[in-house]
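Every read-out reported here was derived from the displayed coordinates using simple, explicitly stated rules and does not represent laboratory data. As the structure is a computational prediction, the values presented were derived from the model and not from experiment. Here the Cβ positions follow ideal geometry from the backbone for every residue, glycine too, while neighbour counts run over all protein chains shown.
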Amino acid sequence: MAVVYLSPESDTYVYNQLPADNFSTAALLYVGFSKPDNIYRSYIKFNLSDIPFPAFINRGILRLFLCTDELNFTKCIDVHRIVSPYDGKTLTYNTQPEFLPNYESSVVLHKEKPQFKEWNITELVRGWHSGGIINNGILLKLRSEKKPSLTAFSSQDCGYSPNVPLLLVEYCNKEIFSVSTTYTATTTPTFTNAFNTFCYKMVSFFIINHGCSDVTASVEVSPDCVNWYEEDNKKTVGSGKTTVLVPYVFGKYNRLKFFAASGSARIEIYLQGQG
C-alpha cells in the first residue's frame, strides 16, 4: 500500500462583509458565523496527478490544523463537493461556485484546543481519481450559518509547513479494476457515473436485473466527460437475468444509460476493466 500527502493546489476563504475581496494569500482559512451577520466559508482544491492510474483508492483523508475555535458551542463543519469550476486566486463571496447541498463528510467541534482535524472523503477522492467526478475541489461550511461560531484553520500560507492543509491518499496499484453500484431503473433514462477508463485495454458493463420489469441499457462514450456519444449496442435484460455490454468505440470516459420498460426495477451494474 502506498501513501501520498498532497498539499493544496489552491486554498482561500470568502467573507460576506467584503464580498468582492479575495483572501487566497491569507494565513488562515475561516469557517463559520459571527455577529452581527458575518459569514465565512473556505475552499480547497487538490491535484491528484501524482496518484497513478489505474489504482485502487483505499482512503482519502482531509487533514487540517485547527488554530482557533471561538465560543462554547457545539458545531458541525461539513465538507461539500463543488460542482462548478472556480479560480482560487480570484474567488470572492460574490463569485462562489455551485456546490451539492448534501455534505460528503463532517466533523463536530466544541470549543476545541489547537489540534489536527480529519474528514473522511474517500468516495469523493475515488470519483476524482477515476474521472467519474470532476475535481473542482471542496467547500468547508458551517452547517448552521446563523449560530455564532467562528473557526480558523491553517492555510498553505500559514508559514509553518507541518500545519498546512493535506490530503492523505492511501492506494494500491491495480491492473484489474472492478466497481459495482445498485440503481433503480425507471421509465426515464438514467445514467451511471462517468468512469475514466483511458488506461484499460478492455472494459465491460455487467447488468443484473433484480426487478420485475425489463431494463434496456446502452453504452455512452466521451472524450471530455461533457459531450457524449451513444453506441448502437442496446441490450434488454429481463427480470432475474444478466447481460453484458462492452464499448466498441474508444473514449476516455464511459458510462451506461438505462431505463425500465414500465414501473421500476432494481438493477446492479458492475464495471470491470483489465489493464
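A few remarks follow.
- Between residue 198 and residue 178, the contour length at 0.36 nm per residue exceeds the Cα-Cα span by 5.7 nm.
- About its Cα centre, the chain has a charge dipole of approximately 520 debye under the convention of +1 per Lys or Arg Cβ and -1 per Asp or Glu Cβ, with nothing else charged.
- Rounded to the nearest 0.05, the FRET efficiency derived from the C-beta distance between residue 70 and residue 264 at R0 = 30 Å is 0.05.
- Couplings 3J(HN,Hα) for segment 11-17, derived from phi with the Karplus relation 6.51 cos²θ - 1.76 cosθ + 1.60 (θ = phi - 60°), are 8, 6, 10, 10, 9, 5, 7 Hz, where x marks Gly and Pro.
- Stretch gain in nm, segment residue 274-residue 206, where the contour uses 0.36 nm per residue and the Cα spacing is subtracted: 23.1 nm
- Amide H partners (placed H, <5 Å) of residue 47, local residues excluded: 9
- Of all lysines in the structure, those lying under 30 Å Cα to Cα from residue 241, and not within fewer than 8 positions of it along the same chain, are 174, 201, 252, 257.
- Spin-label proximity, residue 191 to segment 223-246 - amide N less than 19 Å from point 7 Å beyond Cα toward beta carbon: 223-235, 245-246
- Comparing 41, 143, 126 in a Gaussian network model of the chain (Cα springs below 10 Å), the most mobile by mean-square fluctuation is 143.
- Here's how it looks for residue 150: its modeled amide H is under 5 Å from those of 33, 70, which are all 5 or more places away or on a different chain.
- Remark: spin-label model distance residue 108-residue 134 equals 3.6 nm, labels positioned 7 Å along the Cα→Cβ axis.
- Counting only residues at least eight positions apart within a chain, or on another chain, the aspartates and glutamates with an alpha carbon under 12 Å from that of residue 75 are 112, 145.
- Förster radius 30 Å - calculated FRET efficiency between residue 229 and residue 92 (Cβ-Cβ, nearest 0.05): 0.20
- Gain on full stretching of the segment that runs from residue 9 to residue 50 - 0.36 nm per residue minus C-alpha separation: 13.5 nm
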